[in-house]
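Have a look at the structure below before the remarks.
Every number in this text was worked out from the coordinates using simple rules, so none of it is lab data. Everything numeric here is computed off the predicted structure, so don't read it as measured data. Positions of Cβ are generated from backbone atoms using ideal geometry, with glycine treated the same way; all protein chains shown enter the neighbour counts.
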Amino acid sequence: MSTNKSSSSRLYDLQSLLKKQIGLARKGNIKEVEILSEQASSLVEKVKLSGVLESAEFKNQREQLQKLYQDLCLAITAQQAGTTEELKRIRKGKKTIAAYHSNI
């Protein structure tokens, strides 16, 4: 029973970390997401070793973790797309400035 309790606590901690990472990713704070991912990786390894997610008892939590992970991936991808667009605008601006500068 104590194994399930500690495993349940780890699952709750992992869910909390993922939610926090999602919030940070949506705000564009990818550096903090990366820092928290180290903690999440450690928790994932402990959960994996416990085998708790393979239990039918934790099916809902497993599904919730999968959804949170997908949401995190989407938030990071959205930030990446935004960054890519911003870089394109900056490069275009630099080319425009260089063109004006060379014609002066």
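Return the residues of region 7-52 that are in contact (Cβ under 8 Å) with a residue 24 or more places away in the chain and polar (S, T, N, Q); say none if nothing qualifies.
Across region 7-52, the qualifying residues are SER7, SER8, GLN15, GLN21, SER50.
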Just checking, how many residues over region 12-56 are farther than 19 Å from CYS73 by Cβ and small (Gly, Ala, Ser)? 5
Filter region 38-61 down to the residues that are in contact with a helix residue (DSSP H, G or I) (Cβ under 7 Å, 6 or more places away or on another chain) and closer than 11 Å to LEU14 by Cα and list them by number. GLN39, ALA40, LEU43, VAL44, LYS46, VAL47, GLN61
Can you go through LEU36, LEU53, LEU65 and tell me which one is out of contact with any Lys or Arg (no Cβ under 7 Å at 6 or more places or on another chain) and aliphatic (A, V, I, L, M)? LEU65
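Can you tell me which of LYS67, LYS95 is within 30 Å of SER8 (Cβ to Cβ) and without any contact (Cβ under 8 Å) to a residue 24 or more places away in the chain?
Testing whether each residue is within 30 Å of SER8 (Cβ to Cβ) and without any contact (Cβ under 8 Å) to a residue 24 or more places away in the chain leaves just LYS67.
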